[in-house]
Amino acid sequence: MSDLPQPDRVDGAPHPRETSQVIGHDAAAASFLDSFSSGRMHHAWMLQGPRGIGKASFAYQIARFLIATPPLDDGGMFGAPEPPTSLHIADDHPVARRILAGSDPSLFVLRRAVDDKDNTKLKTVITVDEARKLKEFLSLSATDGATRVVIVDAADEMNIQTANAILKVLEEPPANTVFLLICHQPSKLLPTIRSRCRTLNLSRLNPQDMERALRAANVPLPADTHHLTTLSDGSVGEALRLINLGGLDTYADLVDLLQNAPGLDRGRLLKMAEGMVGRGKAPKFELFLGQIDVLLSRIARAGLMGPPEAEAAPREASLLVRLCASPHAAREWAGLQQEIGARLRHGRAVNLDPAALVLDTGLKIDQAAARLAAKR
């Protein structure tokens, strides 16, 4: 089973259920504890925020806590017990051990399954077949009276049939069961599902928490950690992707290439484009397209807010200010970002040659730089 692809695990990082220390989400933890201690805890929670910030790890932390901690009561003749002050459950606790092994009978995880025709790939959505397994889980009695927990990872990956099945369960929730819906893009969910969940907003990690989280995951950090934390924008998952795919070097090369814009080196651009072609290059190409969008966004922002507080690559700040020195230029760069983003999405959808897409995008950026330089 360990060789099968896992939709909720980032390459090079522990699985979220293996993360006992959740970093950077103290406010969300306090909010959940307040609800638990009140004795009127909601049956469904939406953990929403950008991808890669630790929502799944937080969900598993809640699951360990709920299954291991009996609901508070009035304590009878001995008085009410003190409410818990932390979601942490010790690693050697039986519940923590079972969840780590993926064998706790009180936890069900609804996620994308392995493709039936190719077990090296995952299905693109959470299908209704997986929802039927959830129905079977809910039909069983809770073990030893423990709270049952259902983690949906991620809720915005459910197809419409699965979403309707989940909605029906949320409308008539089974007793002693808590649902944790991990959500990257709430707008993709049915409004009726959102309305039946209490929302916990999880924020991007600050640079200090980012570094702590990466060290806790035993990730080898690059020398320029500040570039990594800036470019990953508070997402540990994105930081790992950058490390795994050499994204820091790619972005630095892109910034360096544009130092001569307008009039960038077309031979160098062509070489960069050709580096995106070939077997196994698809993940790096997808990362590169995202970095183009990030760079255009940072250029536009510089025209409105000035130089960035932190650089994502050497000499980036001076480049951003030179290319976009005014609010008027910012509007033009923002428009170009939208235009190029649409062209790249279309190009990927119809399988255009990656090198041609990169070359065309680089030339459009250079043309925009020339057009704005002429207006100064």
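The values are calculated or read from the model by the stated rules, or taken from the named source; none is laboratory data. None of the values given here were measured: they were computed from a predicted structure. Please note: Cβ atoms are built from the backbone with ideal geometry, for glycine as well, and neighbour counts cover all protein chains shown.
Looking at (1) farther than 14 Å from Ala355 by Cα; (2) under 23 Å from the mean Cα position of the chain (by Cα); (3) surrounded by 13 or more Cβ atoms within 10 Å (Cβ to Cβ), which is the one condition that is false for Ala342?
(3)
Looking only at segment 244-253, decide whether some residue is more than 18 Å from Val358 (Cβ to Cβ) and small (Gly, Ala, Ser).
no
From the list Arg322, Arg301, Arg315, exactly one residue is touching a residue at least 12 places away in the same chain (Cβ under 8 Å), surrounded by 14 or more Cβ atoms within 10 Å (Cβ to Cβ) and basic (Lys, Arg). Which is it?
Result of the check over Arg322, Arg301, Arg315: Arg301.
Every residue, every condition in (1) part of a helix (DSSP H, G or I); (2) touching a residue at least 12 places away in the same chain (Cβ under 8 Å); (3) closer than 30 Å to Val22 by Cα; (4) not charged (D, E, K, R), yes or no:
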site: Asp249; (1), (2), (3), (4): yes, no, yes, no
site: Leu269; (1), (2), (3), (4): yes, yes, no, yes
site: Met272; (1), (2), (3), (4): yes, yes, no, yes
site: Val277; (1), (2), (3), (4): no, yes, no, yes
site: Gly280; (1), (2), (3), (4): no, no, no, yes
site: Pro283; (1), (2), (3), (4): yes, yes, yes, yes
site: Gly290; (1), (2), (3), (4): yes, no, yes, yes
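Here are Arg112, Arg132, Arg97: which of them is surrounded by fewer than 19 Cβ atoms within 10 Å (Cβ to Cβ), modelled with pLDDT of 90 or more and closer than 18 Å to His15 by Cα?
Arg97
In segment 292-320, what residues are part of a loop (DSSP other than H, G, I, E, B) and closer than 18 Å to Leu257 by Cα?
Across segment 292-320, the qualifying residues are Glu311, Ala312, Ala313, Pro314, Arg315.
Scan segment 24-75 residue by residue and report those that are of a type in the set (A, V, I, L, M, F, W, C) and surrounded by fewer than 15 Cβ atoms within 10 Å (Cβ to Cβ).
Of everything in segment 24-75, those that are of a type in the set (A, V, I, L, M, F, W, C) and surrounded by fewer than 15 Cβ atoms within 10 Å (Cβ to Cβ) turn out to be Ala27, Ala30.
Inspect all residues belonging to segment 336-356 and state whether any of them is touching a Ser or Thr at 6+ places or on another chain (Cβ under 9 Å), at pLDDT 95 or above and not aliphatic (A, V, I, L, M).
yes
Which members of segment 269-309 meet the condition of being closer than 23 Å to Ala374 by Cβ and charged (D, E, K, R)?
Scanning segment 269-309 gives Arg298, Arg301.
Which of (1) within 30 Å of Ala370 (Cβ to Cβ); (2) charged (D, E, K, R); (3) surrounded by 16 or more Cβ atoms within 10 Å (Cβ to Cβ) does Glu211 not meet, given it meets every other one?
With respect to (1) within 30 Å of Ala370 (Cβ to Cβ); (2) charged (D, E, K, R); (3) surrounded by 16 or more Cβ atoms within 10 Å (Cβ to Cβ), Glu211 is out only on (1).
Which of the residues that make up segment 316-339 are over 28 Å from the mean Cα position of the chain (by Cα) and within 19 Å of Asp233 (Cα to Cα)?
Of everything in segment 316-339, nothing turns out to be over 28 Å from the mean Cα position of the chain (by Cα) and within 19 Å of Asp233 (Cα to Cα).
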